[in-house]
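The values are calculated or read from the model by the stated rules, or taken from the named source; none is laboratory data. These figures come from a predicted structure and were not determined experimentally. Note that each Cβ is placed from the backbone with ideal geometry, even for glycine, and that neighbours are counted across all protein chains shown.
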Amino acid sequence: MDLLNCVIIEDNPVDRLLLEEYLAKYSFINITGTFVNPVESLEHLKTNLINILFLDVDMPVINGIDFLKSLADPPPCIMVTAHPEYAIDAFDVQAIDYLLKPVKPERLDKAIQRTLELQEIKSKAVQYSMHFENDFLMIKEGTVLNKVHIADILYLEALTNYTKVVTVQKKYITLNNLKSFLDYLPPKRFLRIHRSYAVAVDKIQGVYKNELLISEQRLPLGKTYRQEVKKHFTESN
């Protein structure tokens, strides 16, 4: 397995050392830098390829979420904080995971596995072509061309510059961001519910304060999209 370059930004020395100790057990993780505030890390992030950024939320100068928003091309990020109330904001900026302090080794391991899955997804991302006149799109996987009916799509998930297409039968990865992907789909049939998610309207099973239920899966409902979702269902009834 290739080495994963990692940066830790954490102002609490005890939490920082504990995270370093846990990460030292992973032979494929290389900690290239540790910083006590985001501003100090800027030059390092610009000049190094970083595969995982462990980022505290509540810090002096600038908080972790605002810092991540300020980066033109942020690395995959795992938020680490003592404040559970920031979870929705963290996923709004496409954090891979959200760890609560004190960090538990088994929970850290799960976050790292999610990061590895994302790396694999990126390496397997494939080009696609679309044809909507017959209500389907074609997704190419290597030499295989898959016919995917739009009616079978459950939801779309943004993965930085990629889009995961989740259908009833299978998941596909395409080389396009979520916004561009949605531009090609029938607008009345898909609804953006989060910075990272759009769903097929007819597949929604339930709407909650911070979540939607799609095919027995709970997806986050971003606070900036709640009004639009509410408006959609009000007009539909």
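If you go through the stretch 178-191, how many residues are under 15 Å from residue 164 (Cβ atoms) and either surrounded by 15 or more Cβ atoms within 10 Å (Cβ to Cβ) or modelled with pLDDT of 90 or more (or both)?
Here is the first cut: in the stretch 178-191, the residues under 15 Å from residue 164 (Cβ atoms) are 178-182, 185, 190.
From what's left, either surrounded by 15 or more Cβ atoms within 10 Å (Cβ to Cβ) or modelled with pLDDT of 90 or more (or both): 178, 181-182, 185, 190.
Number satisfying all stated conditions: 5.
What residue, among those in the stretch 9-30 that are touching a helix residue (DSSP H, G or I) at 6+ places or on another chain (Cβ under 6 Å) and of a type outside the set (D, E, K, R), is farthest from residue 120 (Cα to Cα)? Give the steps one after another, and end with the answer.
Just the residues of the stretch 9-30 that are touching a helix residue (DSSP H, G or I) at 6+ places or on another chain (Cβ under 6 Å), to begin with: 9-10, 22, 29.
Now narrow it down to the ones that are of a type outside the set (D, E, K, R): 9, 22, 29.
Working: 9: 25, 22: 23, 29: 16 Å.
Applying the filter and picking the extreme gives 9.
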Inset, instruction - Identify, by number, the condition in (1) in a loop (DSSP other than H, G, I, E, B); (2) touching a Lys or Arg at 6+ places or on another chain (Cβ under 8 Å); (3) closer than 25 Å to residue 120 by Cα that residue 138 doesn't meet. - result: (1)
Legend entry - Verdict on residue 96 being touching a strand residue (DSSP E or B) at 6+ places or on another chain (Cβ under 6 Å) and closer than 21 Å to residue 115 by Cα: yes
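Okay, residues lined up against (1) modelled with pLDDT under 85; (2) under 30 Å from residue 17 (Cα atoms); (3) in contact with a Phe, Trp or Tyr (Cβ under 6 Å, 6 or more places away or on another chain):
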{"position": "101", "(1), (2), (3)": "no, yes, no"}
{"position": "104", "(1), (2), (3)": "no, yes, no"}
{"position": "128", "(1), (2), (3)": "yes, no, no"}
{"position": "152", "(1), (2), (3)": "no, no, no"}
Inset, instruction - Inspect the stretch 157-172 for any residue being surrounded by 12 or more Cβ atoms within 10 Å (Cβ to Cβ), at pLDDT 90 or above, over 20 Å from residue 69 (Cβ atoms) and among the polar types (S, T, N, Q) and give the result as yes or no. - result: yes
Legend entry - Condition met for residue 66 (among the acidic types (Asp, Glu) and touching a helix residue (DSSP H, G or I) at 6+ places or on another chain (Cβ under 7 Å)): no
Legend entry - Filter result for the condition that a residue is touching a strand residue (DSSP E or B) at 6+ places or on another chain (Cβ under 6 Å) and small (Gly, Ala, Ser), over 82, 90: 90
Legend entry - Flag if residue 52 is assigned by TED's automatic domain parsing to the domain that holds residue 26, touching a Cys at 6+ places or on another chain (Cβ under 6 Å), of a type in the set (A, V, I, L, M) and closer than 19 Å to residue 17 by Cβ: yes
